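Heads up: the structure comes next, in structure tokens.
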Amino acid sequence: MNSIPVKPNVFSRFTTLRANQRLVSGVDWAGKWAAPILDILILILAGFIAPAFYNPENLKTVGIQIAILGVVAIGQTVVLLVRSIDLSVGMLMALGAVIVVQTQEGASIPLALIEAFLTAAAIGLIIGLLVTKRQVPPFVATFGMMVFIQGARLAYSHGQASGTVPELLRAISINPLGGFLPAALVVWVLANLAVLFVLKLTPVGRWIYAVGGNPAAARYAGINIDAVVIGAHIFCSMSALLGGLMLSGYIGYLDLGLGADYNTNAIAAVVVGGTTFTGGRGNLYGTAAGVVLLILLLNLVVVLGLPINWQLAMQGLVLVAATALQGFRQFLLNR
């Protein structure tokens, strides 16, 4: 007896597709708005569980920390948008501070700053060339650069942190504007506005999203993918350098451990803000919200008097949660 072929249930497939689309939309909504909503909830909750959080000096500290991490996260956002990553930003922050502090003792501060930014640009260029021309995975290229920078920094400083932080760096970090607002926050806002302009209103921004979203289509459209990726890494390195200068100005002395936590923090802030590891999706609004969320959590650990190791737990929790959300979205799309 011949078996009767069973026709696929078109309606069932359509229903499953619609359900997946709704779930993907829900995940996208969560990725876009989770950080801002959590920011608001934490700010409200802090008034009940940690009134000291709203102490003016603590708020000033929070603002400066948000600005420093925010500047570094801007560069990391651009790199992630083109399907890359940079694990060397923390070491580069320290290297930049060492160059400026030790060079300005025998030269003018402007020359020291020029030398530091040229060094950062060269490092970003090398990373970009390794990723594009030699096809080295970004994780490997930037991890190797991180180790190299650490060795170069120790060789340059002879293993000792010495020198006086220039007053200019102190000014762009902690000096109040309008009586209270830290100058670092103004730097962060201006940096965000400048990069937002590029991403939203210039061809460069469209190239960045195109390269991250669909490299093959971008290549067919005539976009120089290698140039875009290299430019993103140069910008990320220079952003990290600026963040390192702001951080050294904030703490007021040269520390060889400067920026050690900023690799994890910058990636966590960017990813929890909705920028994906697969490129082409994300924006600076989300990154800003992610930066605020992470700094609020880390500051509350201190204000509540919890063991400082809880900061590491918070960093890991934020990064794992954001990555899991992105992984779930990709799973739904592949079903």
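The values are calculated or read from the model by the stated rules, or taken from the named source; none is laboratory data. Note that this is a predicted model, so its numbers are computed, not measured. Neighbour counts are summed over all protein chains in view; Cβ atoms, including those assigned to glycine, are modelled from backbone coordinates with ideal geometry.
Contact map, the range 258-279: residues that are more than 20 Å from residue 94 (Cβ to Cβ) and buried (at least 24 other Cβ atoms within 10 Å of the Cβ) paired with residues that are modelled with pLDDT under 90 and of a type in the set (D, E, K, R), Cβ distance under 7 Å, separation 6+ or inter-chain. Pairs shown: 274/32; 275/281. If you go through the range 68-94 and keep only what is more than 12 Å from the chain's Cα centre (by Cα) and of a type in the set (A, V, I, L, M), you end up with 82, 91, 92, 93, 94.
Across the range 47-80, the qualifying residues are those that are under 15 Å from residue 193 (Cα atoms) and of a type in the set (Val, Ile, Thr), and the one among them that is surrounded by the most Cβ atoms within 10 Å (Cβ to Cβ) is 72. Between 205, 222, 231, the distinction of being surrounded by fewer than 21 Cβ atoms within 10 Å (Cβ to Cβ) and under 25 Å from residue 259 (Cβ atoms) belongs to 231 only.
A quick yes/no check of all residues on (1) closer than 28 Å to residue 288 by Cβ; (2) in contact with an Asp or Glu (Cβ under 9 Å, 6 or more places away or on another chain); (3) modelled with pLDDT of 80 or more; (4) polar (S, T, N, Q):
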residue	(1), (2), (3), (4)
105	no, no, no, no
108	no, no, no, yes
138	yes, yes, yes, no
197	yes, no, yes, no
202	yes, no, yes, yes
207	yes, no, yes, no
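When 255, 226 are screened for being in contact (Cβ under 8 Å) with a residue 40 or more places away in the chain, in a helix (DSSP H, G or I) and acidic (Asp, Glu), only 226 passes.
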